[in-house]
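Student: Before we start, here is the structure in question, set down as C-alpha cells.
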Number of protein chains: 2
Amino acid sequence: MEKVRGDQLYEGKAKIVYATANPEHYLVYYKDDATAFNGVKKGIISGKGELNNRISAHFFELLERRGIQTHFVELVSPREMLVRKVTILPIEVVVRNIAAGSLAKRLGLAEGTTLKQPVLEYYYKDDDLGDPLINEYHIRALDLATDADLAILAEQALKINAILSEYLATRRLKLVDFKLEFGRTTQGEVILADEISPDTCRFWDSDTQEKLDKDRFRRDLGGVEEAYQEIWRRLTGGAE
Amino acid sequence: MEKVRGDQLYEGKAKIVYATANPEHYLVYYKDDATAFNGVKKGIISGKGELNNRISAHFFELLERRGIQTHFVELVSPREMLVRKVTILPIEVVVRNIAAGSLAKRLGLAEGTTLKQPVLEYYYKDDDLGDPLINEYHIRALDLATDADLAILAEQALKINAILSEYLATRRLKLVDFKLEFGRTTQGEVILADEISPDTCRFWDSDTQEKLDKDRFRRDLGGVEEAYQEIWRRLTGGAE
C-alpha cells in the first residue's frame, strides 16, 4: 500500500515527490525533463527518468554499504523510488576534483585541470537568486543550517567523493564534480537525499575524457541519451 | 632620505607604490582617481587622495594601539605614507555587519538588514575574473595562502571589525562592511596592509543612515567629496 502514490507534495525540474500511506516515506518519480542554466534551457532527454532512477538507486546502495546514510529505501518501478521522508536543507553541496563548468570560469582554470585537492562548495538553493555560491558565514547569517549540520555536510560530502571516485575509476570513469543535497529526517538526522546521476554529476571517460553527463545537453554536444545509457552500462557491466 | 620617492613599483586604481632608499619600506601615494564596478566606472573625487591617506593613517594608528600589526609606518606628506614592505596576498578579505551591495544582491536581503553575526568573505584579487567570491577550498586549490595564513586573516579581520565598529559608533557612524588586504613581510609575518577609507568601507550615519562612502560615487548620489570630508571630520572631531 505504501508504494502507491499519494498526494503530490512537490514538483521540481526533474522529479516529482509524492506522499505515501507511510508517513515516514515519500515516493520520488523521475521525469525525462531536463533544464540547464537555472531553467533557461529546457528539453527532454528520452529515457532519462528511468536511467536516473536506476543510477541513483545504484549509487545510494553502494554508499549505504560503505556506511553513508541515505534517504533511499527501495526501487518501486522503473521511474519511482521509495525514500525516507526528509526536509531538504536549502544548500547544494558541490564537490569538485577537476576544474569544469562554473569553477573553471570562476577561477580562470582550463577545463580539465586536476585540482590539488577536492574543492567543496556550498550554493544557496534559491532559483530567484540563481543558486549563488555562499560560505559558512552566509549560511549562519541566513540560518540555513547549524554548525553541526555543516560539519556533517562537509565530512559526508568528502567521504562520498572518495567512495564514488574510487568506484567509478574501476568503471573507467572520472568523477569530475557532483552536487549533493541533504535532508533532515523526522528524527533530526541529516542524511544524503536527492539523486546521484548524470544530471547532478560530471562523468568523463577515463581514457578519452568524453563527457558522459548533462553537459552533453547543456552544450548541445549530441548523444545525450546515449551518454546516460553508457553510464548505466558501465555501472552494471562490472569492473574491467 | 628614505622618505623620498624611488622607483615606481606599482600603480593601482587609487594608489601608487614607490620604492624608498630603505629596502624595508615603501612609499604609498594616494590618488584622487576613483573607479567602480571593476574599473567600468571611472572618475575623480577631488581631494580624496589626501583624505584617504589621513583617514587610513588614523585607522592604522588606532589598530596598532589595539594590538593589530599593520604596514603603516608614518605619514610623509598630505598624500603619502611610509609603509613596511610587504607582498600583498591575492585575497580581499571582506567583513560585513549589515547587508549592502553585492551581499544584499547575492542573498536577496534588503539593503540595511543587520546580519545576525559578522559575515566574512574572501575574494580572489583578479581583475580579469572580476574578483570572484571564493572559499577556503579554492584558496588551497589555487595555492593563494596557507591554512595558517587563512587562520590569521579570519582572526585579524574579525578583531579589526570589532575594534573599528566600536570606535566608529562613538563617532555616530555604522561600519556596514569593509575590505581588507594583508601582506607578507620580508620576515614572513602576515600583517594588515592596503588602506582603510571610504573607498574600502561602507560608513552610514548612525542616525540618518546616510551613506558616507564610495557608494555616493558608485550610485551617483552626489555630495561625494563632502562625504569623505565628513568622515575625516567625525574621526578628528572627537567622541560626542
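What follows is calculated from the coordinates using simple rules that are stated; it is not laboratory data. Since we're looking at a predicted model, the values are computed, not measured. As a convention, Cβ positions derive from the backbone with ideal geometry for all residues, glycine included, and neighbour counts pool all protein chains shown.
Student: Could you tell me the relative contact order of the range A:166-240? Use alpha-carbon pairs under 8 Å, at least six residues apart, and round to a whole percent.
Tutor: 28
Student: From the alpha carbon gyration tensor of chain A, can you work out the equivalent ellipsoid semi-axes (sqrt of 5 times each eigenvalue) and give them in Å, largest to smallest?
Tutor: So the equivalent ellipsoid measures 25, 23, 18 Å along its semi-axes.
Student: Which of the peptides A:56-67, B:51-62 is most tightly packed, and how do the rest follow, going by the mean number of other Cβ atoms within 10 Å of each residue?
Tutor: Result, highest mean first: B:51-62, A:56-67.
Student: Here's a follow-up. Which residue fluctuates the most in chain B, going by a Gaussian network model with Cα springs under 10 Å, if the choices are B:GLU195, B:GLU92, B:GLU210?
Tutor: Judging by the Gaussian network model, the answer is B:GLU210.
Student: For the pair A:TYR10/B:GLU189, report the inter-label distance in nm, with labels modelled 7 Å from Cα in the Cβ direction.
Tutor: Distance between the two pseudo-spin positions: 5.2 nm.
Student: Report, to one decimal in Å, the Kirkwood hydrodynamic radius for the range B:8-84 based on all distinct Cα pairs.
Tutor: Numbers: mean 1/r = 0.0760 Å⁻¹.
With all distinct Cα pairs of the range B:8-84 included, I get 13.2 Å.
Student: Let me ask something else about it. Per DSSP H run of at least 4 residues, take -39500 (n - 2.57); add these up for the protein assembly as shown, divide by its residues and hand me the 222 nm value, nearest 500 deg cm²/dmol.
Tutor: Values: 12 runs with 142 residues, N = 480.
Calculated from helices alone, the mean residue ellipticity at 222 nm is -9000 deg cm²/dmol.
Student: Counting pairs of Cα atoms in the range B:25-158, how many percent are more than 19 Å apart?
Tutor: Everything past 19 Å amounts to 64 percent.
Student: Taking N as the number of residues in the range A:129-240, what is its Cα Rg relative to 2.2 N^0.38 Å?
Tutor: 1.25
Student: Per the Kirkwood treatment, what hydrodynamic radius in Å, one decimal, follows for the protein assembly as shown from the mean inverse distance over all distinct Cα pairs? Don't skip to the end; give the middle numbers.
Tutor: Details: mean 1/r = 0.0399 Å⁻¹.
This gives a value of 25.1 Å.
Student: Taking A:ASP127 in one copy and the same position in all the others, each labelled 7 Å out along Cα→Cβ, what are the pairwise distances from the first, in nm, shortest first?
Tutor: When each copy's label point is compared with this one, the spacings are 4.0 nm.
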